[in-house]
Amino acid sequence: MVRKLLCGGNSLRETARILNINRKTVVRKLLYWAKMAEDYLNQISLQAREVEFDDLETFEHTKCKPLSVPLVVEYKTRRILGLDVAKMPCKGKLAAISRKKYGPRPDERPLARARLFERLQPHIHPEAIIRSDSNPHYPADVKKYFPKATHQTVKGRKGASTAQGELKKIGNDPIFSLNHTCAMLRAKVSRLFRKTWNCTKRPDRLQAHLSVYAYSHNLRLLENAK
């Protein structure tokens with residue numbers, strides 16, 4: 001029940017209220033399921049031939065402390081193959097405020113992508129098609145870890161307000177599997193809600209919560225495919 005509630009848009013505190021248990025018990029259950037989920041993701045027995053990846057952005061405690069979530073999804077099936085969490089510098093109008101209040105913020109995105117791609121090497125076919133947006137940093141990372149793969153980039157598109165920007169305002173989205181999965185993450189993981197006071201305060205707990213969601217998400221897809 002803890003896993004189902006946490007993967008259904010409920011926060012830690014709300015889950016504890018619903019089940020009439022201590023919030024610390026919910027945290028222990030989250031970490032227990034996170035360990036199982038990470039083992040499950042590392043033992044996926046397939047070599048995907050077509051995948052999509054991009055970074056989903058959120059924040060810890062305040063929007064002046066943004067986080068990046070690199071995510072890899074199998075094309076069509078929408079199975080989550082892997083994810084990571086990284087700190088990143090603040091951008092835009094809040095950048096100066098962030099530097100003044102919290103100091104320089106490290107950019108851990110390249111390291112997070114490296115960790116993710118290294119873990120996924122056994123699960124993605126060496127000659128797979130890897131699709132992403134036109135981020136200039138992506139081609140070098142793909143070339144390093146998947147030298148025989150075909151990397152296809154697509155132009156970024158304007159987001160649809162109905163899906164909080166994750167789904168796109170076009171008829172045919174070239175990376176729909178990924179964007180649809182990101183929209184589901186925004187809807188099902190309370191830490192990722194937009195325009196809310198609910199947020200994550202520790203990147204490692206965000207990683208744990210997302211791993212548990214990925215496990216539940218993949219199980220649901222496999223059950224529906226039967």
Next on the checklist: Against the condition at pLDDT below 95 and touching a Ser or Thr at 6+ places or on another chain (Cβ under 8 Å), how does Lys76 come out, does it pass?
Outcome noted: yes
Item to check | Residues of the stretch 185-226 classified as in a helix (DSSP H, G or I) and out of contact with any His (no Cβ under 7 Å at 6 or more places or on another chain), total | outcome: 29
Checklist outcome for this item: Listed by range, strands (runs of 3 or more DSSP E) wholly within the stretch 1-95 having at least 2 residues that are surrounded by fewer than 21 Cβ atoms within 10 Å (Cβ to Cβ) are 48-60, 62-74
Checklist outcome for this item: Among (1) outside any loop (DSSP other than H, G, I, E, B); (2) modelled with pLDDT under 90; (3) among the charged types (D, E, K, R); (4) surrounded by 11 or more Cβ atoms within 10 Å (Cβ to Cβ), Arg157 falls short only on (1)
Item to check | Among residues of the stretch 31-53, those that are under 11 Å from His123 (Cα atoms), free of Cβ contacts under 8 Å to residues at least 12 places away in the same chain and among the basic types (Lys, Arg), counted | outcome: 0
Checklist entry - Out of the residues in the stretch 126-141 that are in a strand (DSSP E or B) and acidic (Asp, Glu), which is surrounded by the fewest Cβ atoms within 10 Å (Cβ to Cβ)? => result Glu127
Item to check | Criterion (closer than 24 Å to Lys35 by Cα, aliphatic (A, V, I, L, M) and at pLDDT 85 or above) met by exactly one of Leu222, Leu210 | outcome: Leu210
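The values are calculated or read from the model by the stated rules, or taken from the named source; none is laboratory data. Computed from a predicted structure; not experimentally measured. Quick reminder, even Gly has a Cβ in these numbers, built from the backbone with ideal geometry, and neighbours come from all protein chains shown.
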